[in-house]
Amino acid sequence: MVVGSVLTAALALVALPGLAGSRVPSPIEPLPASAFQSLSIPADGSRSDTIGTLDPAHSSAAGLADTSVITEPAAVPVAAAATRPAVDQPDPRPKSIRKPARYTLSGWATFYDNGTTAMRLPRGTRVVICGAGGCLERVVNDYGPQKKIRVVDMYRPDFFKVCGCGSWSGTTKVTVYVY
């Protein structure tokens with residue numbers, strides 16, 4: 001009981017700001033007027049101050065002179081987007097069938113220019129993406145997209161093959177078969 005009383009008293013002393021050594025912040029003092037100097041600039045252009053040229057240490061080796069001629073550079077050709085290598089696939093035999101998909105997803109596909117196929121599936125998963133323009137078989141090699149209604153982000157040329165729509169389109173309805 002005595003120990004509890006002593007501990008309570010010690011905690012009360014520490015909690016009081018005056019006894020614990022806290023200070024009240026000092027008030028902000030204004031700057032004295034003598035710290036400022038007056039400056040007068042004539043508005044009529046009668047100033048005689050001139051700015052000299054920089055010394056040689058401040059000029060670069062490729063500086064421009066009054067007689068320098070400036071020409072516009074030639075137009076830079078726009079580089080074409082990287083394309084996927086074309087792989088010749090053997091023609092399927094009439095009796096060949098694809099094994100059944102583990103499951104299918106339906107939703108919207110979008111494109112982006114990373115050159116990858118992005119889904120919320122592990123990398124290396126083989127998928128067949130079908131839309132109004134046809135089907136493509138790809139391997140998932142990136143993670144995305146973030147929204148629930150979009151099921152796949154595709155490389156731009158792949159998107160337009162599956163979409164079968166004009167270059168103005170940004171989304172298309174697809175069915176994804178996951179193998």
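Quick note: the coordinates plus some simple rules give every number you see, no bench work behind them. On a predicted model such as this, the values are computed, not experimentally measured, just so you know. No Cβ is skipped: glycine too gets one built from the backbone with ideal geometry, and neighbour counts run over all protein chains shown.
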Built amide H within the under 5 Å cut-off of residue 121, gap 5+: 144
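Which of 121, 31 comes first, and how do the rest follow, when ranked by fewest Cβ neighbours within 10 Å?
Numbers: 121 17, 31 7.
In increasing order of surrounding Cβ atoms, one gets 31, 121.
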Long-range HN-HN contacts of residue 116 with modeled amide H, under 5 Å: 155
Phi-based couplings in Hz for region 67-77 (Karplus 6.51, -1.76, 1.60; Gly and Pro marked x): 9, 5, 9, 10, 10, 6, x, 5, 5, 7, x
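Below 9 angstrom from the Cβ of residue 131, what's the summed charge of the other residues (Lys, Arg +1; Asp, Glu -1)?
On the way: positive: 161, 173; negative: none.
The answer is +2.
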Inter-label distance, nm, simple model (7 Å from Cα along the C-beta direction), residue 72/residue 102: 5.7
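If neighbour count is taken as other Cβ atoms inside 10 Å, put 71, 110 in order from fewest to most. Display every interim value, and only then the final one.
Details: 71 5, 110 19.
With the fewest neighbours first, 71, 110 line up as 71, 110.
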Gyration tensor (alpha-carbon) shape descriptor, region 103-178, a/c threshold 1.5: rounded
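In what sequence do 175, 117 fall when counting other Cβ within 10 Å, fewest first?
On the way: 175 16, 117 25.
Least to most surrounded, the residues fall as 175, 117.
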